[in-house]
Structure formats: structure tokens, C-alpha cells
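Heads up, the thing below is written out as C-alpha cells.
Taken together, the values in this text are just the output of simple stated rules run on the coordinates, not laboratory data. Remember, predicted model here, so these are calculated numbers, not experimental data. Glycine gets a Cβ as well: all are built from the backbone with ideal geometry, and neighbour counts include every protein chain shown.
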Amino acid sequence: MVDLDALARKARRASEYGRARAALRVVPPIAAAALVAIAAGVDATSCLVFATALLATSVALRWWSRPGALAVQTGMTVGALPLAAGALTALLGAVCDLADPFRTCASGCLAAGFIAGFGATWLAGTHPVAHPARHALLAGAIASLTAAMGCAGFGAGSLLAVLGALAVGGVVAAPLRWRSA
């Protein structure tokens with residue numbers, strides 16, 4: 001005779017193991033992005049702090065649900081642009097001053113942050129999810145953490161510029177996206 005309780009426990013354990021494995025698939029891309037940014041010259045401490053926050057948030061969202069996994073995918077995709085802008089700025093050796101945050105480093109992160117915020121909100125409307133606004137907010141949060149890995153090392157001015165630009169881009173895209181949908 002088959003013990004149904006033991007079989008149910010084994011099935012739950014296998015299901016949770018599979019969900020954890022799927023959630024942890026985000027580790028290599030985040031580690032690679034952090035290593036590339038650090039190799040380009042971004043401050044290692046700032047980059048690793050945001051990479052750790054991004055990793056914890058991404059794994060939790062991917063484990064939580066399919067819409068969470070889609071938000072992570074969208075956020076990391078659009079957040080790669082400001083991350084690359086920050087890494088490129090560091091690679092080119094731009095000097096950033098906290099007293100003058102709108103120099104080269106902040107300007108590049110500002111433009112890339114606006115595009116990423118716009119893209120996160122726009123792409124959030126393309127996924128068939130129950131709550132597109134929640135999806136856009138989650139994707140924006142992931143994009144912010146991804147962007148911060150590349151721009152945080154330039155100081156608070158650059159970090160605030162990219163996060164503000166991400167938010168403005170999302171606000172600009174929201175009425176355009178949901179009006180045309």
C-alpha cells in the first residue's frame with residue numbers, strides 16, 4: 001500500500017527544490033554584471049552592496065511567482081543600460097564631484113536612467129499579468145538596483161540622478177503605455 005502522506009511530502013519537497021533552483025538561476029548574470037562593473041572601475045564596495053540587494057530581491061521575487069520572475073527579467077534588462085553607462089563612465093575615467101553632480105558621470109546615468117524607467121514601465125504593459133502597475137513597480141525596483149550597481153560609486157549625486165530619472169521615465173511612460181494598450 002502507498003503512503004499518500006509521504007508521497008505528498010516528497011512531491012512538495014521536489015516542488016520547492018525546483019522553485020529554488022529556478023530562482024537561483026539569476027545568480028550568474030548578477031555576479032557577472034558586478035564583476036564587469038568593478039573591473040571597469042566602479043567602486044567595489046558600493047557595487048557589491050547593491051549587487052547583494054539585487055540578488056536577494058531577485059531570488060525572492062523569482063521564487064515567489066511567475067509574475068515576479070517576469071518583473072526581474074524586465075528590470076534587469078532595462079537596468080543594464082544605466083549599469084553599462086556607469087561602467088563606461090568609470091572605464092573612461094570621468095571624475096565625479098559631489099558638489100557638482102551633473103557632470104559627465106551623472107549626465108550619462110541620468111539619460112540612461114530615464115530610458116530605463118521608460119522601458120521598464122513600457123515593457124511591463126506587454127506581459128500578460130493580473131496587475132500591470134505592480135509589475136511595473138517591481139520591474140522599476142529591480143532596474144533601480146541594477147542601475148545602482150554601476151552609478152552608486154560616483155557618489156550620492158549620481159545615484160540620486162539615476163534613481164530620479166528612472167522614476168520620471170516610468171511616470172512619463174505610464175499614461176502613454178496604458179492609453180495605447
Checked G119, G140, G170, G155 against criteria (touching a residue at least 24 places away in the same chain (Cβ under 8 Å) and closer than 24 Å to A39 by Cβ); the one match is G155
Checklist entry - If you go through region 33-54 one residue at a time, do you hit one that is within 24 Å of L137 (Cβ to Cβ), without any contact (Cβ under 8 Å) to a residue 24 or more places away in the chain and either surrounded by fewer than 20 Cβ atoms within 10 Å (Cβ to Cβ) or of a type in the set (S, T, N, Q) (or both)? => result yes
